[in-house]
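Down below is the structure, laid out as structure tokens.
The values are calculated or read from the model by the stated rules, or taken from the named source; none is laboratory data. This is a predicted model, so every value here is computed, not measured. Cβ placement follows ideal geometry from the backbone for every residue including glycine, while neighbour counts extend to all protein chains displayed. For accessibility, only protein heavy atoms count, side chains too; no ligands or nucleic acids. Shrake-Rupley method; radii C 1.70, N 1.55, O 1.52, S 1.80 Å.
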Number of protein chains: 2
Amino acid sequence: MTYQMALAALSDPTRRQVFERVLAAPQPVGLIAAGLPVSRPAVSQHLRVLKEAGLVDERRRGTRRLYVANPQALGELRAAIEAMWREALAGMAARIDEEMER
Amino acid sequence: MTYQMALAALSDPTRRQVFERVLAAPQPVGLIAAGLPVSRPAVSQHLRVLKEAGLVDERRRGTRRLYVANPQALGELRAAIEAMWREALAGMAARIDEEMER
DNA sequence: GACTAACGTTAGTTATGACTTACCAAATGG
DNA sequence: CCATTTGGTAAGTCATAACTAACGTTAGTC
């Protein structure tokens, strides 16, 4: 159920870059924005989407806010994709078997 | 590299439904559209996007076209998501270790 | 060789969402 | 306290993309 939000969140290229930076190391917003070709508010908005999808958590550190990747939502997405993958493999195997019969 | 297109392709809810139907069994366009609240051309367009992302293959069967899920693109997406997942887990473990030191 | 079935394509509309600029809030340092 | 740093929020703009309706296309069928 939640994996759909994670999928949608990671579908945007810029937002995926934001997430990958957070993944590499917990960072404040300003630092993330400094390495990207978009403004800081844009990064803030992306982080909100990532947070709503459960992919990211927020830690207030004084006036800064560290964003940290959350493995759980990513794990659910992983499981969903893997289930689809297995289903595709099974379907392919079944089709090959049908082919063999002839 | 291709996993980004797969990610974008699966981010749309309707398109994900289309893909899951194809995943369950190879089907012609009309049959897919019959079970969804959108028109047949819309399904055709979704299938084109899925095809460009490598998630789906096309088999012409006379006047019909069977769409079949392709495990490969799904496998690449799976690998990419799994890599991110592991990275998130590693980061979390490292943070817990730091916590222990204090 | 028309007719039909099944489908892709095009054009046009509309809604969504990514982005920037300007503004506001909270915490820290002098 | 006042200024600075850091960052979220609001409003507005613009591009993208999802959808429908109409049309074109190909392969079987009588």
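Structure above, values below:
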{"item": "Residue identified as more than 12 Å from DNA strand C (Cβ to nearest atom) and within 20 Å of A:I81 (Cα to Cα) among B:A90, B:A6, B:A94", "result": "B:A6"}
{"item": "Qualifying residue in the range B:35-49 (condition: closer than 24 Å to A:V49 by Cβ, within 13 Å of DNA strand C (Cβ to nearest atom) and within 13 Å of another protein chain (Cβ to nearest Cβ))", "result": "yes"}
{"item": "Of all residues in the range A:1-41 being within 12 Å of DNA strand D (Cβ to nearest atom) and small (G, A, S), the one that is most open to solvent (accessible area, probe 1.4 Å)", "result": "A:A34"}
{"item": "Subset of the range A:61-73 [within 15 Å of DNA strand D (Cβ to nearest atom), under 26 Å from A:D12 (Cα atoms) and more than 8 Å from chain B (Cβ to nearest Cβ)]", "result": "A:R64, A:R65, A:L66, A:Y67"}
{"item": "Verdict on B:A25 being over 13 Å from the mean Cα position of the chain (by Cα), of a type outside the set (D, E), within 14 Å of another protein chain (Cβ to nearest Cβ) and closer than 21 Å to B:R78 by Cα", "result": "yes"}
{"item": "Residue within the range A:74-90 that is within 11 Å of DNA strand D (Cβ to nearest atom) and more than 9 Å from chain B (Cβ to nearest Cβ) present", "result": "no"}
